Amino acid sequence: MPRYNPGQIESKWQAYWEENQTFKTAEMPDSEKLYVLDMFPYPSGNGLHVGHPEGYTATDITCRFERMRGKSVLHPMGYDAFGLPAEEHAIKTNTPPRESTEKNIANFTRQLKMLGFSYDWNRCLATTDVGYFKWTQWIFLVLFDTWFDSEQNKGRPISELPIPDEVNAVGEIAVAKYRDEHRLAYLDDALVNWCAGLGTVLANEEVIDGRSERGNHPVQRIPLRQWMLRITAYADRLEKDLADVNWSEGIKKLQRDWIGSSTGAEVDFYIGDPAAYDSWKEARAEFGFPSKAEEHTLRVYTTRPDTLYGATYMVIAPEHPSVDVLTTTEQAETVKSYCEKASFKSDRERTEDSKSKTGVFTGAYAINPANGVKVPVWVADYVLISYGTGAIMAVPAHDERDYEFANKYEIDILAVVDPGDRKSVDRNAVLAGTQCFSGFGIAVNSGDYNGTPTEQFKETIREALAVQGTGASAVNYKLRDWLFSRQRFWGEPFPILHELNAKGEPTGVIRGVDESDLPVDLPYLEDYKPHGRPEPPLAKADDDWLYPVIDGKSYRRETNTMPQWAGSCWYYLRYIDPTNEDCFVDPEKEKAWMPVDLYIGGAEHAVLHLLYARFWHKVLYDRGHVTTVEPFQRLVNQGMILGEMEFSVFQDEYLNWVGVDKVSRDNDGLYRQEDGSEVQLIKLTEDQVAKQGDTFVLADDEAVRVDARSFKMSKSRGNVINPDEIVENYGADSLRLYEMFMGPLTATKPWSMSGVNGVKGFLDRVWRMIVNDRAESLELNEAISDKQAEADALKMLHKTIQAVTRDTENLDFNTAIARMMEFVNYFTKQNVRPRSVMQSFVLLLAPYAPHIAEELWELLGAEATLAYEPWPELDESLLVESTIEIPIQIKGKVKSRISVAADISKDDLEQAARHDEKMQELLADNEVVKVIVVPGRLVNFVTK
RNA sequence: GGCCGAGUGGCGGAAUUGGCAGACGCUCAGGAUUUAAAAUCCUGUGUCCGAUAGGACGUGCGGGUUCGAGUCCCGCCUCGGCUACCA
């Protein structure tokens, strides 16, 4: 085997690692621990994408590197295997989703093993394993058993929930109901996308423009009793604890914005009989601001209570409970049809064309508590029922949305904030109500408050409202409680039972399944087709499953299933103790291995997955099941890998070239701007293109501009790279190395096949540096010698050790590889290559290209794997240079270079620079005003 | 619209603190080897002027700070990603 043959070497070492259990991790760390985690992949039928190995290689390099540095490394892999595609496949083929899921998992495992990642495969798990989701269900029961104590700011057992006397007085059922209302997992009516045409409930991403993605049937939003998780209770902690984790600022900001906390005030507007307004006010002044608004008041949330005097109308969401009460008989028809139309629109649609706001007048008026002024109440879908109180006071002069709406429906605009003189704001226009200004300024038209700066006004009005009993400070979050049920088959069943009465009707009493009865497995179904009711497929299960009887009471099982997020919320904990049947994770082991030290994955999970997992973790923490406040210490998001660069241009119907700058696109297609005639996209090869200035043009016709860019990989574009093919043609080591060499881990970068070929060339040179490639059998290159290494060779080695160690620590893999390339370029030119130097180099290469490294390590005389060999140690004394080259500048431009002793003094360096022949020439006619001497760096003469 | 990130040769990218711009790789060109090709090895490869020596320019654009700016400050432009009426 004279030539480098990755196929042979790679399968040999993969088999070796597997047989010898090289990467099996001990139950408990026996040295400093390091937990390195990859984001949980969904095992899709398409197999691995080249984006997957990018992060996986990065973590694998880190793990192999740290093992060699003596750390106890935990590096597991598994599958987030519940999900829609498997269910779709099941419906189409009428095979259980488990079958296709397991097939896909097997394929993923084959591909991952083929890339030589050093996972402890004994810890592999899938969310669909019954032994795994038993504990997902168990954690759900923990959530069900927990209420949030806002005084202690933590989750506590439901048994510790204080029950108010008035509830206790009513009886047991009322107490149970009270508890159910306070659990972290609770039932509520939430809107779902019900598609009558398909007879099923759809996920948001399956709905496009209010119609089903499949079949184009209309989709209506209807309320359905569903499980919710009270993540909002933890919003504050989820936000604050971000301060203590080592994540990029960008991701932290994304999470903060998603949580979106804002502080402001809730204000009640009176909507009852005007004659009773004064007595209402008196009552409020006496009893204060109630926790729930009474029927004849409309409660709004605002972050700008200082603009209360500018509220010229109010808006309530179409789903607001007061719509019916408020609507007058004359307006009833209009309002009813408006609200109905709104129910067919998704939140996304409502917000999509935010330019054209719509709404209708209810006919009713409310009284502004600040000044007693009567304002009209409108219904409009630009106000969302799910945020704040579902109602707003509209201040068109100081809110863009209200301004737009008021203009459209000719509602009064009253300026109450004077912007003063500032750029980009026309003060007079603002004061006249013809320009909207949402910044801070000085109050006007606000009664006694005139002249108060916004910041201060917010405070004083809040206090005044509190005294009046018409308002109170409030905090709101953009984050909503987590809709946790799905009307699907392929998910974890809820471990929940609904009690039935003698007639088989639900009593409203719910209970968790006993821990000893977990797991609740999915039932057998005849088929997976929708049954035409807005109810989950599990309702089709037979009675044995659906109607259990416990202690003589009969129950109906919960038929919703959990969303895909559930399983990925805690998988990192199960890896620590994957086969434990008594406990979701052994507390000793959890304490020893947590937290995750390094977590790498794509930015697509920056918000939801990470927020959900952190939420569960905090609940488990509060309930004493885990010991860390945060699960993921350090988070790194790998960049996206784009397809190969593409050049494109257009042609008209007569095959004339049309430059990309001359073409526009609309809904009908592409057309030439000049005359609107249709054009076609033509792909070009690199040699048909030339660069001109900043742009690319046709090589044959420089007047025609060509588009040159890389696109996201997609099936439809046909630019997807399959890792199987790369491994087959270049080897896994080349794929790993290339993905790391492309550029910084976190950057978006385009794929390049010739780049892959380039790193393959590097591995070929590594091979030939050590192996005699002309021999019949595997033997060392003649240049390999047991002689003592010379100073230059050692210097090269230690420079490489220094750079590779530093870069690997910092995840700067691309530059580490560049340094190794320099090493190889140097030694292929040397006739003497000391064995010990080669051995050290092979160890440096091992984390990056482990298969070839193992093979060369063996050839250089080792008997066992290098996986636990000590990392080469840097000897800095070998790096010391006796002479260095110093650039000499005149006014900052390099004019000459001199060689001087490395430890030369400042004065001597200046003298040496002055005496340089070239400098004497250049400085002869000039007066030197100043000399900057930076020892070891440079000399700069400043001349007149 | 908002937020985040990025603009450096033909391409991907490199450049501790402000201190030799373009490491390393690809591409391309020339040469060696070969009957020939592949593979391999050597040389060159930012732009412009110049036969060479050498010189000028050069990190998206316009300003600024500095002896010195890819790096710092101000104002723009372009591209990419995420997000979208959150009162």
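The values are calculated or read from the model by the stated rules, or taken from the named source; none is laboratory data. Source: prediction; values computed, not measured. Cβ: placed from backbone, ideal geometry, glycine included. Neighbour counts: every protein chain shown. Each accessible area value is taken on the protein alone, full model and side chains, heavy atoms only, with ligands, DNA and RNA left out. Shrake-Rupley method; radii C 1.70, N 1.55, O 1.52, S 1.80 Å.
If you line up the long axis of helix A:835-845 against the longest principal axis of chain A, both from Cα atoms, how many degrees apart are they, to the nearest 10?
Long axis of A:835-845 versus the principal axis of chain A: about 20 degrees.
State the answer as a single residue: which of A:20, A:842, A:608 lies farthest towards the positive end of the charge dipole of chain A, with beta carbon charges of +1 for Lys and Arg and -1 for Asp and Glu, about the Cα centre.
After comparing all options, I get A:842.
Which values, in whole Å and largest first, are the semi-axes of the equivalent ellipsoid of region A:351-467 obtained as the square root of 5 times each eigenvalue of the Cα gyration tensor?
Details: eigenvalues 113, 76, 36 Å².
The equivalent ellipsoid of region A:351-467 has semi-axes of 24, 20, 13 Å.
I'd like the accessible area for residue A:296, computed on protein heavy atoms only with a 1.4 Å probe and all protein chains in place. Round to 10 Å², please.
70 Å²
Among the lysines, which have Cα under 28 Å from the Cα of residue A:553 when same-chain residues fewer than 8 positions away are ignored?
By straight Cα distance, residue A:553 reaches A:134, A:177, A:503, A:540.
Report D for region A:128-186 in µm² per second (integer): Stokes-Einstein, Kirkwood Rh on Cα pairs, 4 °C, 1.567 mPa s.
Rounded, D is 102 µm²/s.
State the number of lysine pairs found in region A:278-395 whose Cα atoms come within less than 22 Å, restricting to pairs 8 or more positions apart or on distinct chains.
Numbers: A:281/A:292; A:281/A:374; A:336/A:345; A:336/A:357; A:341/A:355; A:341/A:357; A:345/A:355; A:345/A:357.
Number of lysine pairs found: 8.
Whose amide H sits under 5 Å from the amide H of residue A:784, counting only residues 5 or more places off or on another chain, with H placed in the peptide plane?
It is A:833, by chain and number.
For region A:294-345 and region A:513-535, what is the centre-to-centre distance using only Cα atoms, to the nearest Å?
41 Å
Zone of residue A:26 (label point 7 Å along Cα→Cβ, backbone N under 18 Å): which residues in region A:46-87?
The answer is A:64, A:66-76.
Tell me the relative contact order for chain A as a rounded percent, counting alpha carbon contacts under 8 Å between residues six or more apart.
After rounding, I find 14 percent.
Bin width 10 Å, alpha-carbon pairs only: give the P(r) of region A:595-645 as whole percents, running from 0 to the bin holding the largest distance.
23, 44, 21, 8, 3, 0
Find how many whole Å separate the alpha carbon centroid of region A:133-158 from the alpha carbon centroid of region A:1-58.
So the separation of the two Cα centres works out to 36 Å.
Once label points are set 7 Å from the Cα along Cα→Cβ at both residue A:901 and residue A:711, what is their separation, rounded to one decimal in nm?
Each label point lies 7 Å from its Cα, and together they span 6.5 nm.
So between residue A:175 and residue A:429, what do we pick up on full extension, going 0.36 nm a residue minus the alpha carbon distance?
85.6 nm
With label points built 7 Å along Cα→Cβ from the Cα atoms of residue A:3 and residue A:156, find their separation and express it in nm.
7.4 nm
Residue by residue, what Karplus-based ³J(HN,Hα) values in Hz, rounded to whole numbers, does region A:231-242 have, using 6.51, -1.76 and 1.60 with θ = phi - 60° and x for Gly and Pro?
5, 4, 4, 9, 3, 4, 5, 4, 6, 5, 6, 4
Rg and Dmax in Å for region A:388-545, alpha carbons only: what are they?
Cα radius of gyration and Dmax of region A:388-545 are 27.9, 76 Å respectively.
Taking the radius of gyration and the Kirkwood hydrodynamic radius from Cα positions alone, what is the Rg/Rh ratio for region A:230-294, to two decimal places?
Working: Rg = 19.9 Å, Rh = 15.5 Å.
Ratio of gyration radius to Kirkwood radius: 1.28.
For region A:646-772, which semi-axes, largest first and in whole Å, follow from the square roots of 5 times the eigenvalues of its Cα gyration tensor? Don't jump to the answer; show the numbers that get you there.
On the way: eigenvalues 296, 55, 31 Å².
Ellipsoid semi-axes (Å, largest first): 38, 17, 12.
Relative to the longest principal axis of chain A, what angle (0 to 90°, nearest 10) does the C-alpha long axis of helix A:850-859 take?
Once rounded, one gets 30 degrees.
Compute the normalised compactness of region A:858-944: alpha-carbon radius of gyration over 2.2 N^0.38 Å, N being the residue count.
The reported ratio for this selection is 1.79.
In degrees between 0 and 90, to the nearest 10, how far off the longest principal axis of chain A does helix A:172-182 point, with axes built from Cα atoms?
Long axis of A:172-182 versus the principal axis of chain A: about 40 degrees.
What residues qualify as long-range amide H neighbours of residue A:719, i.e. H under 5 Å apart, gap of 5 or more or another chain, H built at 1.01 Å from N?
A:714
Could you state the number of Å between the C-alpha centres of region A:831-854 and region A:573-617?
36 Å
For region A:631-645, in order, what is each residue's ³J(HN,Hα) by Karplus, 6.51 cos²θ - 1.76 cosθ + 1.60 with θ = phi - 60°, in whole Hz (x at glycine and Pro)?
x, 10, 5, 10, 10, 10, 9, 6, x, 7, 9, 8, x, 4, 4
Do the sum for chain A: with -39,500 (n - 2.57) for every DSSP H run of n ≥ 4, divided by all residues, what is the mean residue ellipticity at 222 nm, to the nearest 500 deg cm²/dmol?
On the way: 30 runs with 317 residues, N = 944.
Helix contribution divided over all residues of chain A: -10000 deg cm²/dmol.
What residues have an amide H closer than 5 Å to that of residue A:443, excluding those fewer than 5 places away on the same chain, when H is modeled at 1.01 Å from N in the peptide plane?
Answer set, sorted by chain and number: A:418, A:451, A:452, A:454.
Once phi is turned into ³J(HN,Hα) by the Karplus curve 6.51 cos²θ - 1.76 cosθ + 1.60 with θ = phi - 60°, what whole-Hz value does each residue of region A:771-786 show in order, with x for glycine and proline?
Karplus values, whole Hz, x for Gly and Pro: 9, 7, 7, 9, 6, 6, 10, 5, 8, 5, 4, 4, 6, 5, 9, 8.
Report P(r) for chain A: all Cα-Cα distances, bin width 20 Å, range 0 to the bin holding the largest distance, values in whole percent.
11, 31, 34, 19, 5, 0
Need one number: nm distance between label points at residue A:122 and residue A:333, each 7 Å from Cα along Cα→Cβ, rounded to one decimal.
Distance between label points: 7.7 nm.
Using the charge dipole of region A:423-507 (Lys, Arg: +1 at Cβ; Asp, Glu: -1 at Cβ; taken about the Cα centre), state which of A:437, A:489, A:425 has its Cα farthest towards the positive end.
The residue sitting farthest along the positive end of the dipole is A:489.
Compute the Rg to Rh ratio over region A:34-190 from the alpha carbon atoms, using the Kirkwood formula for Rh, and round to two decimal places.
1.15
Using only Cα atoms, what is the ratio of the radius of gyration of region A:42-131 to 2.2 N^0.38 Å? Kindly include the intermediate steps, with their values, before the conclusion.
On the way: Rg = 15.1 Å, N = 90, 2.2 N^0.38 = 12.2 Å.
Region A:42-131 yields a ratio of 1.24.
On a full-extension model of 0.36 nm per residue, what is the gain between residue A:765 and residue A:526, subtracting their alpha-carbon distance, rounded to one decimal in nm? Could you put the intermediate results ahead of the total?
Numbers: separation 239, 0.36 × 239 = 86.04 nm, distance 5.98 nm.
Difference between extended and current length: 80.1 nm.
Return the lysines within reach of residue A:891: Cα separation strictly under 18 angstrom, same-chain partners fewer than 8 residues apart disregarded; answer none if there are no such residues.
A:918, A:930, A:944
Could you tell me which of the pairs A:253/A:691; A:113/A:240; A:154/A:252 are separated by over 30 angstrom between their Cα atoms in the structure shown?
Correct reply: A:253/A:691; A:113/A:240.
For region A:731-785, what is Rg from Cα atoms divided by 2.2 N^0.38 Å, rounded to two decimals?
Cα-based Rg divided by the globular estimate yields 1.45.
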